[in-house]
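Written out below as structure tokens is the structure these notes cover.
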Amino acid sequence: TVLANEQVIDGRGWRSGALVEQRELTQWFLKITDYAQDLLEALDRLDRWPDKVRLMQKNWIGRSEGLKVRFAFTDAAAAGTGDVEVFTTRPDTLCGASFLGLSPDHPVARMAAEKDPALAEFLAECRRMGTSVAVLETAEKKGYDTGLTVEHPLIPGRTLKVFVANFILMDYGTGAIFGCPAHDQRD
């Protein structure tokens, strides 16, 4: 069965108590992001809806303004790809980037795990942890050094290590971030 994050308590299903694990399923996806702006504009016309409900809907729609930045791998053959794309709402912090982080579900992380059993175990541990906001905020932040590096897109000659981190979600942005410890506590 599929559970909403709210139906998971301490890593177990709220009804059965069974241990919850993430699995990749064959399913249909609707690209609602194509309609995000229309939905947000329509919310403004719902003047009889309570402000609290409209705010919840805006948060659920989750539209973010930002840009995408490409980081080229220093060894594209080792990474299995030429670059990785990062969505950021804070391009002004790019010069402070000190590492690149990938979601445990990112294709590059999965490719790297095929050659690294310890990374494969780390990915499995991350899937057992869950993805609810409450779990991610309270869990210890962990990362795994993949041994890969990328070129800094603005500073010639500077490279960044590539980590897989348990707090990065594949379903937000591109599933990759640049870490900037001066501006983000998790980093």
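The values are calculated or read from the model by the stated rules, or taken from the named source; none is laboratory data. This one's a predicted model, so the numbers in the text were calculated from it and none came from an experiment. Cβ placement follows ideal geometry from the backbone for every residue including glycine, while neighbour counts extend to all protein chains displayed. The area values use the complete protein model at the heavy-atom level, side chains included, leaving out ligands, DNA and RNA. Shrake-Rupley method; radii C 1.70, N 1.55, O 1.52, S 1.80 Å.
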Any residue that is touching a strand residue (DSSP E or B) at 6+ places or on another chain (Cβ under 6 Å), closer than 17 Å to Asp75 by Cβ, at pLDDT 95 or above and surrounded by 15 or more Cβ atoms within 10 Å (Cβ to Cβ) - is there at least one of those in region 120-128? no
For region 167-187, pairs from a residue that is within 15 Å of His152 (Cβ to Cβ) and among the small types (Gly, Ala, Ser) to a residue that is assigned to a loop (DSSP other than H, G, I, E, B) and modelled with pLDDT under 90, with Cβ under 6 Å and 6 or more apart or across chains, are Gly179/Asp187
Starting from region 15-28, keep only residues that are under 18 Å from Met129 (Cβ atoms), then list their pairs with residues that are hydrophobic (A, V, I, L, M, F, W, C) whose Cβ atoms are within a distance under 7 Å, requiring at least 6 positions of separation or different chains. Val20/Leu3; Val20/Val8
Is one or more of the residues making up region 100-112 more than 30 Å from Arg12 (Cα to Cα) and surrounded by 14 or more Cβ atoms within 10 Å (Cβ to Cβ)? yes
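Of all residues in region 46-97 being hydrophobic (A, V, I, L, M, F, W, C) and part of a loop (DSSP other than H, G, I, E, B), which is most open to solvent (accessible area, probe 1.4 Å)?
Top of the filtered list is Trp49.
Is it the case that Leu39 is open to solvent by less than 50 Å² (accessible area, probe 1.4 Å), touching a residue at least 12 places away in the same chain (Cβ under 8 Å) and part of a helix (DSSP H, G or I)?
Spelling it out, it is not the case that Leu39 is open to solvent by less than 50 Å² (accessible area, probe 1.4 Å), touching a residue at least 12 places away in the same chain (Cβ under 8 Å) and part of a helix (DSSP H, G or I).
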In region 1-32, the residues that are open to solvent by less than 100 Å² (accessible area, probe 1.4 Å) and among the polar types (S, T, N, Q): Asn5, Gln7, Ser16, Gln22
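State yes or no: is Thr149 over 18 Å from the mean Cα position of the chain (by Cα), in a strand (DSSP E or B) and on the phi < 0 side of the Ramachandran plot?
Here the answer is yes, as Thr149 does meet what is asked.
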If I filter region 69-90 down to residues being among the acidic types (Asp, Glu) and touching a Lys or Arg at 6+ places or on another chain (Cβ under 7 Å), which single residue comes out as farthest from Leu102 (Cα to Cα)? Asp83
